[in-house]
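Engineer: Below you will find the structure I want to go over with you.
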Amino acid sequence: MAAESSSAVTETPSQRLRPNSIGLPGVLFQSITTMAPASAVSFSLGAAIPYAGASLPLVVFITFLVCILIALNISALARHLPSAGGYFTYVSHGLGNHVGWIAGWLFNLAYILIVPFQLLVLGPVMDSFMQSTFHVSFGASGWAIWAVVFAVVIFILTYVGIKISADLGVIVGAIEIIVFVALSIGLIISAGSQNTAAVFTPNFSQQPGLGGWQGILFGMIFTVLAFAGFESAAPLAEESRNPRKTVSRAILLATICIGAFYILCSYAGVVGWGVTKIGNYGQNSDPWGTMASRIWGPWQILVILAILNSALANSNAGVNAATRVLYAMGRTGTLPRILARLNGFSAPGVAIILTMVLAVVAALAAGFAFTPLGGFAFLGAVLSVPIILVYMLTCLSVPFYYRRERPQEWNILRHIVVPVIPLLVLACVLVFQFVPLPAAPLLYVGPIVAVWLILGIIIVIVLSQRAPALLLKGQKIYTGEEEE
């Protein structure tokens, strides 16, 4: 492919991530575990209920359709642009180097926050589990101690290289899905006559504006958060076997599989809890554990273990994705080059250390400032906004990339209609996060993301004036494959 050969480069072994390390299962579960299915069902989807009410399954279904379209757009770029840079590379090719760098900058904010976001699940859930099961307590700050313990575990798993980390993702990802599918089927059966298709309408929205659709659109910020991560296979392209096919397939498969899983679980959770009782869902600190105890008795412990397993796997996958993008941006020189330094396991060791230090600081700061649950919701909202912006930039990149670099493949349906639909829907979702303004601490989400974005724009302006050649490197494809 002539369009690719001009921008593709091959590095020496000492400079490169370890190629051909992981196959389709490992790449697939990188995306699946980044979505943290069990943790997302228990916390992220539930966070939409105060706005969507018992219409949660409708919100999940709409988000699923939008994410399928986004996945198709990402796959269209991943097929031709295999790179650890992921969005950094994709958007650089579609919208130019400056916007591409901003996309990578926004992606880093979102994915660096994934780890502290999940530490605020791991810490409190583990603290509660140890107290109730083994009567081990570290006091009011016990959650923080367990969060740090899990941070050390995550650091070790990711620092020793992608192979062990990816293999672990396959195992733990499968476990959590099996547990929650079994529980969801049990809840649907136990609901009996309470099963209803009305939950797939806006009738139960807790915000009546726009015929109930206001609550549906506002709730989507949390369901998008639950889906966020389906694309995280992209930064593993340079370490995957046959990345041009493997990565695009993994992204689409992960979206379809977990989308079906979320629809099943959201429906089961709503009817299992009770449509008429959904108002007190948020008053329970462990609603899925409560429902599990009702139909599984003492075996509810499986749900707790699945949630811990899910949050750990999500953190592991999040570090893998974030550090590969930091590595790619360090490699180009647009971030400090030390971030591209590899350790003895061919992993970006410095980027991993930086990510984990920031994760611990952010988790403890948010947890102590807003309580662990409040900190979880706050960090979730903060990371959702930049990831939505990155999705929008990626969709917008598709028509420009194909029209300019691959005109022989140009297709109006595939490269205009498919990108425009999710672009418009996501724009509406963003608007409804700030109109009307939410209460604190969610009120601070917009300013935080705005400051990060402005800082990124300033860096791009400085780079454009002082080192424009570095931004051009965002379009390079680093691969050990023979160019087609």
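Engineer: Can GLN283 be described as touching a Gly at 6+ places or on another chain (Cβ under 7 Å), at pLDDT below 95 and open to solvent by 50 Å² or more (accessible area, probe 1.4 Å)?
Structural biologist: no
Engineer: Which residue pairs have Cβ atoms under 9 Å apart, sit 6 or more places apart or on different chains, and have a first residue in region 407-425 that is farther than 26 Å from VAL385 by Cβ and a second that is open to solvent by 60 Å² or more (accessible area, probe 1.4 Å)?
Structural biologist: TRP410/ARG403; HIS415/ARG403; HIS415/GLU409
Engineer: Here's another thing I want to ask about it. Tell me the residue from ILE301, ILE307 that is open to solvent by 50 Å² or more (accessible area, probe 1.4 Å) and in contact (Cβ under 8 Å) with a residue 12 or more places away in the chain, please.
Structural biologist: ILE301
Engineer: For the subset of region 120-169 comprising residues that are among the hydroxyl-bearing types (Ser, Thr, Tyr) and open to solvent by less than 30 Å² (accessible area, probe 1.4 Å), which member is modelled with the highest pLDDT?
Structural biologist: Only one residue fits best here, namely THR158.
Engineer: Could you please tell me which pairs satisfy a Cβ distance under 6 Å, a separation of 6+ or placement on different chains, a first residue in region 21-48 that is surrounded by fewer than 24 Cβ atoms within 10 Å (Cβ to Cβ), and a second residue that is not in a helix (DSSP H, G or I)?
Structural biologist: GLY23/ARG241
Engineer: Please tell me if GLY274 is modelled with pLDDT of 90 or more and either on the phi > 0 side of the Ramachandran plot or buried (at least 22 other Cβ atoms within 10 Å of the Cβ) (or both).
Structural biologist: So GLY274 fits the description; yes.
Engineer: Under 9 Å between Cβ atoms, which residue pairs at least 6 apart in sequence (or on different chains) link something in region 391-406 that is among the small types (Gly, Ala, Ser) with a partner that is surrounded by fewer than 22 Cβ atoms within 10 Å (Cβ to Cβ)?
Structural biologist: SER397/LEU95; SER397/VAL99
Engineer: With the condition kept exactly as written, say whether any residue in region 347-357 is more than 30 Å from SER184 (Cα to Cα), surrounded by fewer than 22 Cβ atoms within 10 Å (Cβ to Cβ) and either touching a Pro at 6+ places or on another chain (Cβ under 8 Å) or not aliphatic (A, V, I, L, M) (or both).
Structural biologist: Yes, because at least one residue in region 347-357 is more than 30 Å from SER184 (Cα to Cα), surrounded by fewer than 22 Cβ atoms within 10 Å (Cβ to Cβ) and either touching a Pro at 6+ places or on another chain (Cβ under 8 Å) or not aliphatic (A, V, I, L, M) (or both).
Engineer: Just one of the numbered conditions (1) closer than 30 Å to PRO468 by Cα; (2) out of contact with any Gly (no Cβ under 9 Å at 6 or more places or on another chain); (3) at pLDDT below 85 is not true of ASN320; which one?
Structural biologist: (2)
Engineer: Output the number of the condition that ALA292 fails; it satisfies all remaining conditions of (1) small (Gly, Ala, Ser); (2) under 21 Å from the mean Cα position of the chain (by Cα); (3) at pLDDT 90 or above; (4) open to solvent by less than 10 Å² (accessible area, probe 1.4 Å).
Structural biologist: Going through the list (1) small (Gly, Ala, Ser); (2) under 21 Å from the mean Cα position of the chain (by Cα); (3) at pLDDT 90 or above; (4) open to solvent by less than 10 Å² (accessible area, probe 1.4 Å), ALA292 breaks only (2).
Engineer: Give me the residue from region 44-54 that is closer than 21 Å to ALA182 by Cα and either of a type in the set (A, V, I, L, M) or within 14 Å of the chain's Cα centre (by Cα) (or both) and, out of that set, modelled with the highest pLDDT.
Structural biologist: Among residues in region 44-54 that are closer than 21 Å to ALA182 by Cα and either of a type in the set (A, V, I, L, M) or within 14 Å of the chain's Cα centre (by Cα) (or both), the one modelled with the highest pLDDT is LEU45.
Engineer: Would you be able to say whether some residue in region 315-323 is touching a Cys at 6+ places or on another chain (Cβ under 9 Å) and either within 19 Å of ALA174 (Cβ to Cβ) or open to solvent by 10 Å² or more (accessible area, probe 1.4 Å) (or both)?
Structural biologist: No, because not a single residue in region 315-323 is touching a Cys at 6+ places or on another chain (Cβ under 9 Å) and either within 19 Å of ALA174 (Cβ to Cβ) or open to solvent by 10 Å² or more (accessible area, probe 1.4 Å) (or both).
Engineer: While we're here: Would you tally the residues in region 225-247 being over 13 Å from PHE61 (Cβ atoms) and surrounded by 24 or more Cβ atoms within 10 Å (Cβ to Cβ)?
Structural biologist: If we filter region 225-247 for residues that are over 13 Å from PHE61 (Cβ atoms), which is where we start, we get 225, 228-247.
Now drop any that are not surrounded by 24 or more Cβ atoms within 10 Å (Cβ to Cβ), which leaves 225, 228-240, 243, 247.
So the answer is 16.
Engineer: Picking from ALA450, ALA427, ALA366, which residue would you name as being closer than 18 Å to ALA110 by Cβ, among the small types (Gly, Ala, Ser) and surrounded by 20 or more Cβ atoms within 10 Å (Cβ to Cβ)?
Structural biologist: ALA366
Engineer: Condition first: open to solvent by 10 Å² or more (accessible area, probe 1.4 Å) and aromatic (Phe, Trp, Tyr). Can you find one or more residues in region 385-392 that meet it?
Structural biologist: Within region 385-392, none of the residues are open to solvent by 10 Å² or more (accessible area, probe 1.4 Å) and aromatic (Phe, Trp, Tyr).
Engineer: Just a yes or no: is a residue in region 201-218 within 19 Å of ALA36 (Cα to Cα), open to solvent by 60 Å² or more (accessible area, probe 1.4 Å) and at pLDDT below 95?
Structural biologist: Let us first name the residues in region 201-218 that are within 19 Å of ALA36 (Cα to Cα), namely none.
No, region 201-218 contains no residue that is within 19 Å of ALA36 (Cα to Cα), open to solvent by 60 Å² or more (accessible area, probe 1.4 Å) and at pLDDT below 95.
Engineer: Hey, can you tell me all the residues within region 88-117 that are in a helix (DSSP H, G or I), under 17 Å from MET392 (Cβ atoms) and open to solvent by 10 Å² or more (accessible area, probe 1.4 Å)?
Structural biologist: Once the filter is applied, which keeps residues that are in a helix (DSSP H, G or I), under 17 Å from MET392 (Cβ atoms) and open to solvent by 10 Å² or more (accessible area, probe 1.4 Å), region 88-117 yields LEU95, HIS98, VAL99, ILE102, TRP105, LEU109.
Engineer: Across region 1-43, what is the total count of residues that are at pLDDT 50 or above and in a helix (DSSP H, G or I)? Give the derivation first.
Structural biologist: Initial filter on region 1-43 (at pLDDT 50 or above): 15-43.
With the extra rule that they be in a helix (DSSP H, G or I), the set shrinks to 15, 24-35, 37-43.
Here the count works out to 20.
Engineer: Starting from region 432-456, take each residue that is of a type in the set (S, T, N, Q) and list its partners that are surrounded by fewer than 18 Cβ atoms within 10 Å (Cβ to Cβ), counting only C-beta distances under 9 angstrom and pairs at least six apart or across chains.
Structural biologist: Cβ pairs passing all conditions: GLN433/GLY446.
The values are calculated or read from the model by the stated rules, or taken from the named source; none is laboratory data. Remember, predicted model here, so these are calculated numbers, not experimental data. Cβ coordinates were reconstructed from backbone atoms using ideal geometry, including for glycine residues, and neighbour counts include every protein chain displayed. Only protein heavy atoms, including side chains, enter the accessible area calculation; ligands, DNA and RNA are left aside. Shrake-Rupley method; radii C 1.70, N 1.55, O 1.52, S 1.80 Å.
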